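A short worksheet on the structure shown next.
The values are calculated or read from the model by the stated rules, or taken from the named source; none is laboratory data. Just so it is clear, the structure is predicted and the values come from calculations on it, not from any experiment. Heads up, the Cβs are rebuilt from the backbone with ideal geometry, glycines too, and the neighbour counts pull from every protein chain shown.
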Amino acid sequence: MNILNKEELKRQIQEGKEISLDGILEEFKNLLRESIQTASEVEMTSHLGYDKHQESSNPNYRKGTNKKTLKSKYGEVDVSIPRDRDGTFEPQLVKKRERLLKGSEDLILSPDFITFS
């Protein structure tokens, strides 16, 4: 269900599908999760200096992810944050050992971030 898209939301309502506040909240949480994970992957690429699956002479490389549960004003959000072999990656959007999101939710609600077509 993608009810954050205005046309999709209209279509679902016209088809008589039930739209609940819980469903809308889940959409926000999914968007928050995807945004954090994408930003973390981009931060890792910047840190290592090469894209995922790209060959490199850099001895440091991606080494899976760490799962963490973040608390936000929308509830708990489970994310997977990438890690590197040397342990030198320091994510900036969601820092190591950070569990409480402060201000990150405002990015999700900004008009530049969500577009209704």
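Scanning the range 48-70 for residues that are touching a Leu at 6+ places or on another chain (Cβ under 8 Å) and surrounded by 12 or more Cβ atoms within 10 Å (Cβ to Cβ) yields 58, 60, 61, 62, 70. Before we move on, is residue 25 at pLDDT 85 or above and not acidic (Asp, Glu)? When the stated conditions are applied, residue 25 passes them. Restricting the search to the range 1-53, which residues are assigned to a loop (DSSP other than H, G, I, E, B), more than 28 Å from residue 82 (Cα to Cα) and in contact (Cβ under 8 Å) with a residue 24 or more places away in the chain? The answer is 3, 5. Scanning the range 60-84 for residues that are farther than 13 Å from residue 30 by Cα, in a strand (DSSP E or B) and in contact with a helix residue (DSSP H, G or I) (Cβ under 9 Å, 6 or more places away or on another chain) returns 62, 65, 81, 82, 83, 84. Please work out which residue is modelled with the lowest pLDDT, limiting yourself to the range 99-117 and to residues that are in a loop (DSSP other than H, G, I, E, B) and in contact with a strand residue (DSSP E or B) (Cβ under 8 Å, 6 or more places away or on another chain). Per the criteria, the residue is 101.
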